Amino acid sequence: MSRKKTVRIYSEPAGGWGALKATGEALALQGVPISGAKTLLHMNQPEGFDCPGCAWPDPKHTSSFEFCENGAKAVAWEATAKRCTPEFFAAHSVTELSAWDDYDLEMAGRLTHPMVYDEATDRYLPIAWDDAFALIAKHLRALGHPDQADFYTSGRASNEAAFLYQLFVREFGTNNFPDCSNMCHEATSVGLPQSIGVGKGTVLLEDFEQADAIFIFGQNPGTNSPRMMSDLHAASRRGAMIGSFNPFRERALERFAAPQDPLEMATLGSTRISAFLYQVRVGGDVAVLKGMMKALVEADDAALATNRPRVLDIEFIENHTHGIAALLDDLRGTSWDAIEHQSGLARDDIENAAQVYMNAKNAILVYGMGLTQHHRGTENVQQMANLALLRGNIGRPGAGICPVRGHSNVQGNRTVGITEKTTDALLDGIERTFGFRAPAAHGHDVLGAIDAMMRGDAKVFVALGGNFAAAVPDWVRVQAAMRKLELTVQISTKLNRSHLVHGREALILPCLGRTEIDVQAEGPQSITVEDSMSMVHASAGRNPPASAHLRSEPAIVAGIARATLGDTSRVPWEHLVANYDRIRDAIERVFPIFRAYNERIRVPGGFHLASTARERVWATPTGRANFIVFKGLDEDPYHDDPDALWLTTMRSHDQYNTTLYSHSDRYRGIFGQRDVVFMNRRELQKRNLHPGERVDMVGLSTDGIERVIRSFKVVEYSLPDGCCGAYYPEANPLVPLHAFDPQSRTPSYKSVPVKVVRAAAVGPGCAARATARAGALAR
Ligand SMILES: Nc1nc2c(c(=O)[nH]1)N[C@H]1C(S)=C(S)[C@@H](COP(=O)(O)OP(=O)(O)OC[C@H]3O[C@@H](n4cnc5c(=O)[nH]c(N)nc54)[C@H](O)[C@@H]3O)O[C@H]1N2
Ligand SMILES: Nc1nc2c(c(=O)[nH]1)N[C@H]1C(S)=C(S)[C@@H](COP(=O)(O)OP(=O)(O)OC[C@H]3O[C@@H](n4cnc5c(=O)[nH]c(N)nc54)[C@H](O)[C@@H]3O)O[C@H]1N2
Ligand SMILES: [Mo]
């Protein structure tokens, strides 16, 4: 497809009429102008479905319709009129499809039939559901050990589907649960429990109405959680101070026009969001956080010396925390020179941010992937917690720590047992409820699963949603390993790269989406999800299924389980799936935190899963909230190549992870192209490069493997020195498998040392072609 490729400065505010226009275009493109619009009215409503987009909460799921451009796109992509049928697969071989761009693959529409790969014709052919289940069962039962299979989850699955999935896999005999969380907020799941005893955020939506200051580190709400813009918009309007730290001047962090605000819309007005946006260097957040803490301590010292009120919350620190002395030592021993050097920011700016923080009675600290996807992601998160604890900003109205989760139910998946790490409570809960003891040994996370594939130890890969082959780091190498698997099974709604990077045998199992009516033996069902703020609520689709052959995710999991485990299973699979209330009752028995589950989800708005830290109860080994010291300032391993740049990889405004809504990125002024690299003028001049020129990016790595992506177009952009940016997943081949945070094993997607050189390639290429080329190469 030919597209007009332009780069221009986007000077309007985020949101506003541009967002309404984009929504209309997205609905029209998917052929759902009328029913799509109607569908939107049921999104996040008491009787409707939960938005399949992001995990930001809704005002109690009880409010009137809240507009969200990217939520609308997520719905349009699911409620599309396009269909990917057996005729489509008959017309296109897998080799042919492998050369398609990711955008075109998903534009084929909703999958309609279960399909099986046929080697003789290199095509996917229809298969009956029972035959598909039997094929999976045959492979799983033939394994030497259950650990030779990996069971991936992407965070869109419901609590009910995810619970059945982990139950099946554990009864089958393994804890191999690589999941998207391993590439996302694992640093939160690992870091926060050490600090505050829970691996989740501590704020609720109403806290945003009471905060005096809100700090946003490495998160792009205007694109990735647009409903958050309503809360930021309101906060800014009532005078709360918002401060952002991001290498990019993200438009929505600067100015936003709320489509819900009639006056702003009529007058083409907008609201300033951030009072300040400091362009921190990629990997410079820990220096900022330590700098802010250092400024706090210095101000506290001065207050103490002059008998003024203290800056640190001494009472809270004494009664609730552990480890302050070591933290103070570390901060006092860290020089401002080093902080400025590492953060790329001036001391004045960091002190200004600290002053705003000190002036705020209540502050919320928000963060996203800019903090977690680094070599020291876990410790980054912990420095965030330290900053909150110094002023008692946890467990108080209007204050707290707010990791913004990714997929709409990634947090719920974890809560109901999708984790490669077992606990006694989990194993006991399953045994109590179902009468079998699941294995205790920890299983594979994403990197563990990849490692097993590369070694040839893994034989079967099953994915409950997602697009593993494109989301993982180093995918050129990973895809080559995936092709050696015996069987790959993808439970999906849309065609994607992972269906084309298949094992010797392969299945595509099409499932219902969240917008669709789900009828089981005992009638229509609703599912439940947990948002970023631990609110659990029900979701029920309204649209007729995209095809009569679709099954729900719980029904598919039960089908696989029944076929694999046979009559020896201790779980009444059909009985559970006939009525999801029974699945929820089982969840409640395994996880007592879901007390009165079925009752409480029937209350509009659902319920909040208790958070101990919010109550200032610290479930840590010390029984207190812990200050955890991060020695030094290097978030990422030192490299001494003066030509190197730190590459960060992020999302455009028009994508949902590996799903592309278009090739444009409106707020960053990029249209019709994704094979671009953002660099500042000084870095261009240093390399004698000019905007629009094509470059190759070469990964700097110590393992001797060449990683390169070719023919990307240079875009001059306001960025700190020493950094560059490119889109995910096109840039993933540059992320080495060995580049991850050792504590959480989150890949370092946001800090990849690269060299940028004038393209050696012949003629212009494009990222999509590079993708297909790499895919074809790996075949
Ligand atoms: N529409 C839409 N919504 C989504 C998604 C989507 O793809 N599309 N994805 C969902 C998922 S799974 C997730 S996890 C979230 C992701 O949401 P975000 O966390 O917002 O994800 P990113 O766009 O990857 O990066 C966030 C920001 O980090 C900045 N950044 C990069 N490197 C650094 C750094 O070193 N320091 C700092 N301070 N900032 C840095 C980038 O410039 C960017 O603004 O959104 C969820 N919601
Ligand atoms: N370089 C780089 N890489 C990254 C990141 C980054 O910032 N930079 N971010 C990482 C992060 S935060 C994440 S979460 C991962 C995301 O990794 P994944 O979750 O694996 O990827 P998605 O692109 O969200 O998956 C999209 C596919 O999910 C399927 N799908 C959609 N809806 C449903 C549904 O309701 N049910 C089922 N069964 N399937 C459905 C569709 O077939 C669609 O093609 O990527 C990670 N990779
Ligand atoms: Mo994510």
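Observations on the structure shown:
- Residue selected from region 618-655 under the condition of a type in the set (Gly, Ala, Ser) and open to solvent by less than 20 Å² (accessible area, probe 1.4 Å), by the criterion nearest to ligand 2 (Cβ to nearest atom): Ser652
- Those residues of region 700-737 which are more than 26 Å from Leu345 (Cα to Cα), of a type outside the set (A, V, I, L, M, F, W, C), at pLDDT 95 or above and away from ligand 1 (no atom under 16 Å from the Cβ), in sequence order: Arg707, Arg710, Ser711, Lys713, Pro733, Pro736
- For region 439-462, the set of residues classified as crowded, with 23+ Cβ neighbours inside 10 Å, among the aliphatic types (A, V, I, L, M) and outside any helix (DSSP H, G or I) consists of Ala458, Val462, listed by residue number.
- Subset of region 588-617 that is of a type in the set (S, T, N, Q) and out of contact with any helix residue (DSSP H, G or I) (no Cβ under 7 Å at 6 or more places or on another chain) - its residue that is most open to solvent (accessible area, probe 1.4 Å): Thr612
- Of all residues in region 408-418, those being more than 11 Å from ligand 2 (Cβ to nearest atom) and either open to solvent by 10 Å² or more (accessible area, probe 1.4 Å) or of a type in the set (A, V, I, L, M) (or both) number 4.
- Every condition in (1) over 28 Å from Leu20 (Cα atoms); (2) within 16 Å of ligand 1 (Cβ to nearest atom); (3) open to solvent by less than 30 Å² (accessible area, probe 1.4 Å); (4) touching a strand residue (DSSP E or B) at 6+ places or on another chain (Cβ under 8 Å) holds for Val676 except the one numbered (1).
- Filter result (in contact (Cβ under 8 Å) with a residue 40 or more places away in the chain, touching a Leu at 6+ places or on another chain (Cβ under 9 Å) and either within 16 Å of ligand 2 (Cβ to nearest atom) or open to solvent by 40 Å² or more (accessible area, probe 1.4 Å) (or both)) within region 706-720: Arg707, Ile709
- Subset of region 234-271 [of a type in the set (Val, Ile, Thr) and either modelled with pLDDT of 90 or more or assigned to a helix (DSSP H, G or I) (or both)]: Ile242, Thr271
- Residues of region 185-198 satisfying the condition of being within 16 Å of ligand 2 (Cβ to nearest atom) and either outside any loop (DSSP other than H, G, I, E, B) or open to solvent by 10 Å² or more (accessible area, probe 1.4 Å) (or both): Glu186, Ala187, Thr188, Ser189, Val190, Gly191
- Among (1) free of Cβ contacts under 8 Å to residues at least 40 places away in the same chain; (2) open to solvent by less than 20 Å² (accessible area, probe 1.4 Å); (3) over 20 Å from Asp207 (Cα atoms), the one test that Gln373 misses: (1)
- Assessment of region 398-407 against the conditions (open to solvent by 20 Å² or more (accessible area, probe 1.4 Å), within 13 Å of the chain's Cα centre (by Cα) and either within 16 Å of ligand 3 (Cβ to nearest atom) or outside the structural domain of Phe215 (by TED's automatic domain parsing) (or both)) yields at least one matching residue.
- Being surrounded by 24 or more Cβ atoms within 10 Å (Cβ to Cβ), assigned to a loop (DSSP other than H, G, I, E, B) and either in the same structural domain as Ser652 (by TED's automatic domain parsing) or of a type outside the set (Asp, Glu) (or both) is true of Pro226.
- Some residue of region 160-176 being in a strand (DSSP E or B) and within 16 Å of ligand 2 (Cβ to nearest atom): no
Conditions (1) in a helix (DSSP H, G or I); (2) at pLDDT below 90, marked per residue:
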residue: Gly36; (1), (2): yes, yes
residue: Asp58; (1), (2): no, yes
residue: His61; (1), (2): no, yes
residue: Phe65; (1), (2): no, yes
residue: Ala76; (1), (2): yes, yes
residue: Thr80; (1), (2): no, no
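- Among the residues listed as Ala578, Ala644, Ala561, Ala610, the single one being over 30 Å from Gly284 (Cα atoms) and either in contact with a Leu (Cβ under 8 Å, 6 or more places away or on another chain) or assigned by TED's automatic domain parsing to the domain that holds Arg332 (or both): Ala561
- Candidates Asp285, Asp337 - the one that is under 30 Å from Ala19 (Cβ atoms), of a type in the set (D, E, K, R) and either touching a strand residue (DSSP E or B) at 6+ places or on another chain (Cβ under 8 Å) or free of Cβ contacts under 8 Å to residues at least 24 places away in the same chain (or both): Asp285
- Residue that is nearest to the chain's Cα centre (by Cα), among those in region 347-387 that are part of a helix (DSSP H, G or I) and among the small types (Gly, Ala, Ser): Gly370
- Scanning region 163-184 for residues that are over 15 Å from Val462 (Cα atoms) and either open to solvent by 10 Å² or more (accessible area, probe 1.4 Å) or within 16 Å of ligand 3 (Cβ to nearest atom) (or both) returns Glu171, Ser181, Asn182, Met183, Cys184.
- Whichever residue in region 272-309 is over 30 Å from Ala644 (Cα atoms), part of a helix (DSSP H, G or I) and of a type in the set (Gly, Ala, Ser) and, among such residues, is most open to solvent (accessible area, probe 1.4 Å): Ala305
- Test: Arg249 is open to solvent by 10 Å² or more (accessible area, probe 1.4 Å), within 13 Å of ligand 1 (Cβ to nearest atom), outside the structural domain of Val577 (by TED's automatic domain parsing) and within 29 Å of Gly18 (Cβ to Cβ): yes
- Hits in region 99-137 - residues which are assigned to a helix (DSSP H, G or I), surrounded by fewer than 18 Cβ atoms within 10 Å (Cβ to Cβ) and in contact (Cβ under 8 Å) with a residue 60 or more places away in the chain: Asp104, Trp129, Asp130, Ala134
- Looking only at region 140-158, and only at residues there that are farther than 14 Å from Thr488 by Cα and under 17 Å from the mean Cα position of the chain (by Cα), the one that is surrounded by the most Cβ atoms within 10 Å (Cβ to Cβ): Ala157
The values are calculated or read from the model by the stated rules, or taken from the named source; none is laboratory data. Please read all numbers here as calculations on a predicted model, not as lab measurements. As a convention, Cβ positions derive from the backbone with ideal geometry for all residues, glycine included, and neighbour counts pool all protein chains shown. To get the accessible areas, we keep the full protein, side chains included, count just its heavy atoms, and leave off ligands, DNA and RNA. Shrake-Rupley method; radii C 1.70, N 1.55, O 1.52, S 1.80 Å.
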